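Below is one structure. I have some questions about it.
The values are calculated or read from the model by the stated rules, or taken from the named source; none is laboratory data. For clarity, every value in this text was computed on a predicted model and none was experimentally measured. In this analysis, Cβ positions are derived from the backbone assuming ideal geometry, glycine residues included, and neighbour counts consider all displayed protein chains.
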């Protein structure tokens, strides 16, 4: 089985001060030990970089330097599997935005779903389960549902 880690998961994975850091680390570690594949997309890493380098005074930014952000991104790249972009993702995204009548900021989440479908990933690990409930093609999983604690 494979899981795509949503950006909110990646941000908590590298943020020891976050209240959900231990939960996320535990869940990802457990999945990997069970032989599951935990993935990310280029889009996830772009969103991750955005939040990490955004000033702390601006919409939840972490205010990290480029160097610190790079180190954290490398942790993700070492531990998780990259699902590369492709023309197929674009075609699936186009189908999904029409099928589900997606508009505004939700087009980004739809692109993650398109990547999942293109790469055969059935499960999305996220704290924002409501953002993905429209997509019947995937299983949306909150980390607490996989927690062993």
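Taking residue 110 as meeting all but one of (1) over 14 Å from the mean Cα position of the chain (by Cα); (2) in a helix (DSSP H, G or I), write down the number of the exception.
Exception for residue 110: condition (1).
Let me ask something else about it. Between 50, 79, which is surrounded by 13 or more Cβ atoms within 10 Å (Cβ to Cβ), out of contact with any strand residue (DSSP E or B) (no Cβ under 7 Å at 6 or more places or on another chain) and under 25 Å from residue 93 (Cβ atoms)?
50
How about segment 20-51: which of its residues are part of a helix (DSSP H, G or I), more than 15 Å from residue 5 (Cβ to Cβ) and more than 14 Å from the chain's Cα centre (by Cα)?
22, 33
Using the structure shown, decide if residue 101 is farther than 21 Å from residue 11 by Cβ and surrounded by 12 or more Cβ atoms within 10 Å (Cβ to Cβ). Give the derivation first.
On the way: farther than 21 Å from residue 11 by Cβ: yes; surrounded by 12 or more Cβ atoms within 10 Å (Cβ to Cβ): no.
No.
Now, a different point. Which one is nearest to residue 107 (Cα to Cα), of the residues in segment 1-19 that are part of a helix (DSSP H, G or I) and in contact with a strand residue (DSSP E or B) (Cβ under 9 Å, 6 or more places away or on another chain)? Spell out how you get there, then give the answer.
Within segment 1-19, the first condition is being part of a helix (DSSP H, G or I), and the residues that meet it are 7-13.
Adding the requirement that they be in contact with a strand residue (DSSP E or B) (Cβ under 9 Å, 6 or more places away or on another chain) leaves 7, 9-10, 13.
Values: 7: 15, 9: 19, 10: 20, 13: 24 Å.
Checked segment 1-19; the qualifying residue nearest to residue 107 (Cα to Cα) is 7.
Could I ask something else about it? Pick from segment 128-145 the residues that are within 22 Å of residue 33 (Cβ to Cβ) and within 16 Å of the chain's Cα centre (by Cα): which of them is surrounded by the most Cβ atoms within 10 Å (Cβ to Cβ)? Don't jump to the end; show me each part of the working.
Narrowing segment 128-145 to residues within 22 Å of residue 33 (Cβ to Cβ): 139, 141-145.
Next, only the ones that are within 16 Å of the chain's Cα centre (by Cα) stay: 139, 141-144.
Details: 139: 15, 141: 18, 142: 15, 143: 21, 144: 11.
Looking at residues that are within 22 Å of residue 33 (Cβ to Cβ) and within 16 Å of the chain's Cα centre (by Cα), I get 143.
Same structure, new question: Taking residue 58, is it at pLDDT below 95, part of a loop (DSSP other than H, G, I, E, B) and touching a helix residue (DSSP H, G or I) at 6+ places or on another chain (Cβ under 9 Å)?
For residue 58, the condition - at pLDDT below 95, part of a loop (DSSP other than H, G, I, E, B) and touching a helix residue (DSSP H, G or I) at 6+ places or on another chain (Cβ under 9 Å) - is not met.
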